[in-house]
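Before any comments, here is the structure.
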Amino acid sequence: MSATGAPMTTAGGATWSGTAARLPGTLRLGGHRVGYELRRFFRARDAVVFIFAYPIIMMGIFATVFSGSIDLGQGRSIEFSQYFLPGMIATGVMLSSFQNLAIGIAEERDSGGLKRLRGTPLPAASYFLGKVGQVLVTSLVQTALLLVVSALAFRVSLPDTAGRWFTLGWVFVLGTATGAVCGVAFSSVPRSGQSASAVVTPIVLVLQFISGVFFQFDQLPTWMQHVAAVFPLKWMAQGMRSVFLPDDALVMEPSGSWQHGATAAVLAAWLVVGLVAGVRTFRWRRRDDG
Amino acid sequence: MSTSASPPAIAVTGLHKHYGDKHAVDGLDLQVERGEIVAVLGPNGAGKTTTVEILEGYRHRDAGHVQVLGIDPEHGDRMWRSRIGIVLQSGDDLDSATVTELVRHFAAYYPRHRDVDELIAAVGLSEKARTRARHLSGGQRRRLDVALGIVGRPELLFLDEPTTGFDPQARHDFWDLVESLRDEGTTILLTTHYLEEAERLADRVLVVTDGSVVAQGSPHDLGGRTSHRALVRWREDDVVRERSTDSPTRVVAELTARFAAAGRDEVPGLQVLRPSLEDVYLQLIGAEQAAGTTTIEEVRR
């Protein structure tokens, strides 16, 4: 069959002329996105294993290699495993927030997924809510697993006061949010999806080494401590140490204090910087796509 | 609400877009009425995709007036996006979610979405409803792309090379699907490399080269091909003879009478030739010495 020459003027056009239907709300769609993102996340088996197992494996290695304890003077000491757990929690959160989003969004942009979403009425805010929700859930599961394994297998003692759990809570939430927001912002840096992990991974590794994750922070050169203090991971790790270490361990902190105020300030500052940079630089399309 | 009272689905005048000193779109004009299916043809690099992506709100323009459903796409809000449907050239972004999950998820974005199961059936993916997108064949994935593009009941649908890589059966099924959208009153802007597709689906065909429209019309008489002289060709005394004419019916009648007088019921090797859409298209885009163009030249003599 063939088309008719004249423009069609069917009655079907009237279908849309009724009262305007309401668009679904941003929050509701954010909820939909969280479910959708989580489903996709848990189906990417390799990423799931990496994100959940990495902190536990690193914890196992450190607890095995450094099986002794750290002398705090005056006859007191802490196990190495107790000292390293806070760093592992912090690095795990950075992996599941910053690294996961910086690489994941770069790949979504490269594959055309973001462009497809841009062509729908999905609000950008709902998309980001979905990412943040996914990161919060995966970070929670990851941290919980690490805590359980550490307590059972490495005899690490968990916080014993409500105050310490509260500190754990706010450092975790603020650190996760900051990592997620910075990950969104950083996703625009790699030129392509393939190069994303090559660009992101070295940054994450360097931060781990200078931020007191793999080494006792006060034994790093002073200049390295200063460099690390610019970035969020050092503060996350320090905040977590304040949760899991006794106050006797303050002798190992260069400042002699847990610096909760500074921790909150630096993390919040990165949250704002990441948010502003993310909003200003976010692209729905590949760099080479016009 | 009568169709004539509403603004055209797409109104473009004097559209310009350049990248560096390359003029991708160079003074393009385009109007698409409600309910119309318009096919945009043109060689790669003619500016088709740039134009369509400006209409879809993906790209900024340098100059020109653009209204899509009465709104400038650069200022299109969520409500505007809910009224258009976009099927991009294929990406590989749909991975671990199943067909049903994807269609249901995208349906949630729209105020008046289609029934998920009915839509999956309409695009012929019912048997694959629980299959993950990455395990679909190329043609099946394309039909999923279309499902996601129309799940929100768009008033205006953009189809960018929708059937590239389809086998003939899949292509015919797809055309039936597009015709059912036409019957619902959906306006469609289609870019394609397949002239057969344009001829089958489009009410109007636009040929774009070097960033502007060089011809437009119904696919039957694009470039005035129905008004071209016809060529009547037959065999007589083992020689192929032909005559160029404005009234081929009369020529055929004369031939029939002459051969009948000689006691023969059939005119051997009888053909009536007019330029095909492909012939006209190739001539318009300047593909010199291309296979079909001789026919036009012959007919024009």
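The values are calculated or read from the model by the stated rules, or taken from the named source; none is laboratory data. Since the structure is predicted, the reported quantities are computational estimates derived from the model, not experimental observations. Cβ atoms come from the backbone with ideal geometry, glycine included; neighbour counts cover every protein chain shown. These accessible areas exclude ligands, DNA and RNA; they are computed on the full protein's heavy atoms, side chains included. Shrake-Rupley method; radii C 1.70, N 1.55, O 1.52, S 1.80 Å.
Rounded to the nearest angstrom and ordered from largest down, what semi-axes does the equivalent ellipsoid of segment B:3-219 get from its C-alpha gyration tensor (root of 5λ)? Walk me through the numbers on the way to the answer.
Working: eigenvalues 158, 70, 58 Å².
Listed largest to smallest, the semi-axes of segment B:3-219 are 28, 19, 17 Å.
Taking segment B:60-119 as the region of interest, what is the percent of Cα-Cα pairs per 10 angstrom bin, listed from the shortest bin to the one with the maximum distance?
17, 39, 31, 13, 1
Solvent-accessible area of A:Y127, probe 1.4 Å, all protein chains present, reported in Å² to the nearest ten, please.
0
Need one value for B:106-117: mean number of C-beta atoms belonging to other chains within 10 Å of its residues' C-beta atoms. Don't skip to the end; give the middle numbers.
On the way: counts 6, 1, 10, 11, 6, 6, 6, 2, 0, 0, 0, 0.
Averaged over the peptide's residues, the number is 4.
When chain B is modelled as a GNM with alpha-carbon springs shorter than 10 Å, which of B:D279, B:D93, B:D203 fluctuates the most?
B:D93
Using a Gaussian network for chain B with springs between C-alpha atoms less than 10 Å apart, which of these wobbles most: B:G85, B:G286, B:G20?
Among B:G85, B:G286, B:G20, the largest mean-square fluctuation in the Gaussian network model of chain B belongs to B:G20.
Once the principal axes of the Cα atoms of segment B:92-166 are found, what is the range along each, listed largest first in whole angstroms?
Principal extents (Cα only, largest first): 30, 26, 21 Å.
Which residue, B:F166, B:F158, B:F174, tops the fluctuation ranking in a GNM of chain B built on C-alpha contacts under 10 Å?
B:F166
Pull up the cross-link candidates among the lysines for A:K131, meaning alpha carbon to alpha carbon under 19 Å and not fewer than 8 places away within one chain.
List returned: A:K115.
Kirkwood hydrodynamic radius for segment A:146-290: how many Å is it when counted over pairs of different Cα atoms?
Kirkwood radius, segment A:146-290: 16.9 Å.
How large a share of the accessible area of segment A:156-195, in percent, is made up of carbon and sulfur atoms when the probe is 1.4 Å and the other protein chains stay in place?
69
Can you grab the distance from the C-alpha centre of segment A:87-163 to the C-alpha centre of segment B:1-74, Å, no decimals?
Using only Cα atoms to place each centre, the spacing works out to 41 Å.
Sort largest first and round to whole Å: the equivalent ellipsoid semi-axes of segment B:188-266, each the square root of five times a Cα gyration tensor eigenvalue.
39, 13, 12
Packing-wise, with mean Cβ within 10 Å as the measure, how do B:204-210, A:259-265 rank, highest first?
Taking the mean over residues of other Cβ atoms within 10 Å, the ranking is B:204-210, A:259-265.
Kindly compute the accessible surface that chains B and A hide from a 1.4 Å probe when together, both sides summed, and give it to the nearest 100 Å².
Approximately 4300 Å² gets buried when B meets A.
How many partner chain Cβ atoms sit within 10 Å of a residue's Cβ in peptide B:84-96, on average, as a whole number?
Per residue, the average neighbour count from other chains is 5.
Can you tell me, using C-alpha contacts under 8 Å and at least 6 residues apart, the relative contact order of segment A:48-100 as a whole percent?
With pairs under 8 Å counted, the relative contact order is 38 percent.
Hey, what's the protein assembly as shown come to in accessible area per residue, 1.4 Å probe, Å²?
Accessible area per residue: 44 Å².
Excluding same-chain residues fewer than 8 positions from B:K22, which lysines have a Cα within less than 19 Å of its Cα?
Output for B:K22: B:K48.
Quick one: length gained pulling B:R112 to B:D26 fully straight, 0.36 nm per residue minus the C-alpha distance? Intermediate values should be presented prior to the final figure.
On the way: separation 86, 0.36 × 86 = 30.96 nm, distance 3.74 nm.
Roughly 27.2 nm would be gained on extension.
Provide the packing ranking of A:227-240, A:26-39, i.e. peptides ordered by the mean count of other C-beta atoms within 10 Å per residue, highest first. Before the final figure, lay out each step's value.
Details: A:227-240: 23.6, A:26-39: 17.6.
Highest to lowest by the protection proxy: A:227-240, A:26-39.
Order of B:147-153, A:157-163 by packing, highest average Cβ count within 10 Å first?
Highest to lowest by the protection proxy: B:147-153, A:157-163.
Which whole number gives the average count of other chain Cβ atoms within 10 Å of the Cβ atoms across peptide B:49-58?
On the way: counts 2, 1, 0, 0, 5, 1, 0, 3, 2, 7.
Taking all residues of B:49-58 together, the mean is 2.
If I model a spin label at A:A268 and A:A21 as a point 7 Å from the Cα along the Cα→Cβ vector, what separation in nanometres do I get?
4.4
Over chain B, what relative contact order in percent results from Cα pairs under 8 Å that are six or more residues apart? Walk me through the numbers before you get to the answer.
Values: 558 pairs, mean separation 56.9, N = 301.
For chain B, the relative contact order is 19 percent.
Computed over the Cα atoms, what is the radius of gyration of segment B:1-78 divided by 2.2 N^0.38 Å, N being its residue count?
Working: Rg = 13.0 Å, N = 78, 2.2 N^0.38 = 11.5 Å.
Its radius of gyration relative to the 2.2 N^0.38 Å reference: 1.13.
So if I restrict to the alpha-carbon atoms in chain A, what is the Rg, and what is Dmax, the biggest pairwise distance, in Å?
23.2, 96
Per residue, how big is the convex hull around the C-alpha atoms of the protein assembly as shown? Give it to me in cubic angstrom, could you?
Taking only Cα atoms, the protein assembly as shown has a hull volume of 199 Å³ per residue.
So what is the relative contact order of chain A, in percent, for Cα pairs below 8 Å that sit 6 or more residues apart?
Relative contact order, chain A: 26 percent.
How many percent of the accessible area of segment B:1-153 is carbon or sulfur, using a 1.4 Å probe?
46
Let me cross-check B:R264: its accessible surface, 1.4 Å probe, with only protein heavy atoms counted, in Å² to the nearest 10?
Roll a 1.4 Å probe over it and B:R264 shows about 120 Å².
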